[in-house]
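Computed from the coordinates by the stated procedures, all read-outs in this text should not be read as laboratory data. Since the model is a prediction, treat every value here as computed from it, not as a measurement. Using ideal geometry, Cβ is built from the backbone for each residue, glycine included, and neighbour counts are taken over all protein chains shown.
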Amino acid sequence: MACELCDPNSGETLWQDSQCRVILVADPDYPGFCRVIWNAHIKEMSDLADAERHHLMSVVFAVERVVRQCLAPDKINLASLGNVVPHLHWHVIPRYHDDRHFPNPVWGVAMRESRPRRAADIAGILRAALEEAL
């Protein structure tokens, strides 16, 4: 079975280097939802060397800071699951008190009808901020 995260063209790339990339997840309920993907196909954080783990987490935290600065969500969720796609990646999800699932996880039971949010050129805004931050 092919791994969707191994494809460097899956998702809109906001930033990348030789080890990882940041993509924008196309989810109208959660604009600004980003995924930080380790380029090599590995499953667990402990498969990385110390310097690689540090680099990956510095990118995850930079994405969190940028999303907070640019979108002003009520909360940020960070998640690294990999149960469905066992390729190391982190989710950085802006959350709002009135979003579809709040206070549940975005993969949990919806609490209200969908009210998609849309910001003008969210990809461009985040891309520019990530270039500056990283």
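Annotations for the structure displayed:
- Calculated FRET value between Glu113 and Ala79, using beta carbons and R₀ = 22 Å, to 0.05: 0.40
- Region 87-134 shape via C-alpha gyration tensor axes, a/c threshold 1.5: oblate
- Taking θ as phi - 60° and the Karplus parameters 6.51, -1.76 and 1.60, the scalar couplings of region 109-115 work out to 6, 5, 9, 7, 5, 5, 10 Hz in sequence order, x denoting glycine and proline.
- Segments 11-22, 103-114, 31-42 sorted - mean Cβ within 10 Å per residue, highest first: 31-42, 11-22, 103-114
- Helical contribution to [θ] at 222 nm, DSSP H n ≥ 4, -39,500 (n - 2.57), averaged over the chain, rounded to 500: -8500 deg cm²/dmol
- For region 58-70, backbone phi angles converted through the Karplus equation (6.51, -1.76, 1.60; θ = phi - 60°) give residue-by-residue couplings of 5, 5, 4, 5, 5, 4, 4, 4, 5, 4, 4, 5, 7 Hz, Gly and Pro being listed as x.
- Per residue, the average separation of C-alpha pairs within less than 8 Å and at least 6 apart gives region 12-133 a relative contact order of 29 percent.
- Each distinct pair of alpha carbons in the chain adds a 1/r term; the inverse of their mean, the Kirkwood radius, is 15.3 Å.
- As a length-normalised measure over Cα pairs under 8 Å and 6 or more apart, the relative contact order of region 1-79 settles at 19 percent.
- In order through region 125-134: 3J(HN,Hα) via Karplus (6.51 cos²θ - 1.76 cosθ + 1.60), integer Hz, x for Gly, Pro: 4, 5, 4, 4, 5, 5, 4, 6, 6, 10
- Cys residues of the chain that find no other Cys beta carbon under 4.7 Å: Cys20, Cys34, Cys70.
- Glu12-His97 FRET efficiency (beta carbon distance; Förster radius 25 Å; 0.05 resolution): 0.40
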